[in-house]
Amino acid sequence: MQRQSPEQILKKLEVKAKEEEKNKLAKLKIFLGYAAGSGKTYAMLSEARTLRDNGVDVVLGYIEPHDRPETMALTQGFESIANLEIPYKNIVLKEFDLDATLKRKPALVLVDELAHTNAKG
């Protein structure tokens, strides 16, 4: 086996660094289901629990458990980003706090029920 030149070693290190940087790019995974109650949130939380148990820094950004006991149980043990509370007419709406999430810099953030009408303001 021929010894590598410093240039060859440097080239391999540069390629490896580019691959590692590429892996750091944000990824989006969407859990889809045909109807309410089909298990989207449950599946997302189950997968997140496995990742967290394997050392991934996972936080809950916004979860809507719809008072389903099984889903609510899966949220236990996760760090949660506080929701924004926005007064609207005679109610208070809860929204995902993007700024707080970006400040926290988790490896993975879970956002449920993203497709909804945002409160004005």
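The values are calculated or read from the model by the stated rules, or taken from the named source; none is laboratory data. These numbers come from a predicted model, not from an experiment. Counting neighbours? That spans all protein chains shown, and the Cβs are built from the backbone with ideal geometry, glycine included.
The table below lists the values:
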quantity	calculated
Candidate set: the range 1-60, residues that are of a type in the set (Val, Ile, Thr) and within 26 Å of the chain's Cα centre (by Cα); chosen: the one nearest to residue 80 (Cα to Cα)	59
All positions within the range 8-49 that are touching a Gly at 6+ places or on another chain (Cβ under 9 Å) and farther than 20 Å from residue 78 by Cα	33
Residue in the range 76-85 that is over 16 Å from residue 113 (Cβ atoms) and touching a Ser or Thr at 6+ places or on another chain (Cβ under 7 Å) present	no
Single unsatisfied condition, residue 31 versus (1) modelled with pLDDT of 90 or more; (2) touching a Lys or Arg at 6+ places or on another chain (Cβ under 8 Å)	(1)
Breaking point among (1) farther than 23 Å from residue 103 by Cα; (2) of a type in the set (S, T, N, Q); (3) in contact with a Lys or Arg (Cβ under 8 Å, 6 or more places away or on another chain), for residue 38	(3)
